[in-house]
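A short write-up of the structure that comes next.
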Amino acid sequence: MSVAFTKEGDAEATAADLPDRPISPHPNLVTPEGLAFIEAALAQARADYAAAQHAGGIEADRTAMARATRDLRYYSARRANAQLIEPSDDTDTVRFGGGVTIDREDGRRQTFRIVGEDEADPAQGTVSHVSPLARALMGKSVGDTAMLAGAEVEIVAVG
């Protein structure tokens, strides 16, 4: 097709047609910090939506409006189905919201906290409760072993 027959706004319209953020099929377990994160993200999405509307409506910045609308749908759904799990005093077993330290066969020692999907950030030491790591370790105690990615790990601390 010749460039003469395309509209300049086509690129903007394509950018504005953002797909929805996928909603996990797993229970939306959250720590108190995770719930606060979702609520802050929802408030930010509402502010972004209002700002996009104030900037001149959909015609002014369709991409900003589409992004804000998508985030509003996502965080509204995540807030609506959030299941707050309060911290437990149980430090004997690996559980949601708690920390765990493992020794790997290669000599690495790693510590993680098991949290909800929206607050998980492995670089910051948090992993989702639906991750293979968390699933392999949940319910285990100090001294127990588990298989992770074909290698054995030992739980050396729970807390």
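A short reminder: the numbers here are calculations on the coordinates, not readings from a lab. Computed from a predicted structure; not experimentally measured. For neighbour counting, all protein chains shown are included, and Cβ atoms are generated from backbone atoms with ideal geometry for every residue, glycine included.
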Can you bin the chain into rounded, prolate or oblate? Criterion: square roots of the alpha carbon gyration tensor eigenvalues sorted a ≥ b ≥ c, rounded for a/c under 1.5, prolate for a/b above b/c, oblate for the rest. prolate
Extended-chain gain in nm, criterion 0.36 nm per residue less alpha-carbon gap, residue 157 and residue 20: 45.4 nm
Sketch the reach of a paramagnetic label on residue 108 as a point 7 Å from Cα along Cα-to-Cβ, and name the residues of region 131-159 whose backbone nitrogen lies under 18 Å away. 131-137, 146-157
Ellipticity estimate at 222 nm from DSSP helix runs (n ≥ 4, -39,500 (n - 2.57)) divided over the chain, nearest 500: -11000 deg cm²/dmol
Quick check: net charge around residue 42, other residues with Cβ under 10 Å of its Cβ, Lys/Arg +1 and Asp/Glu -1? +1
Segment residue 101-residue 76, extension gain: residue separation times 0.36 nm, minus the distance between their alpha carbons: 5.6 nm
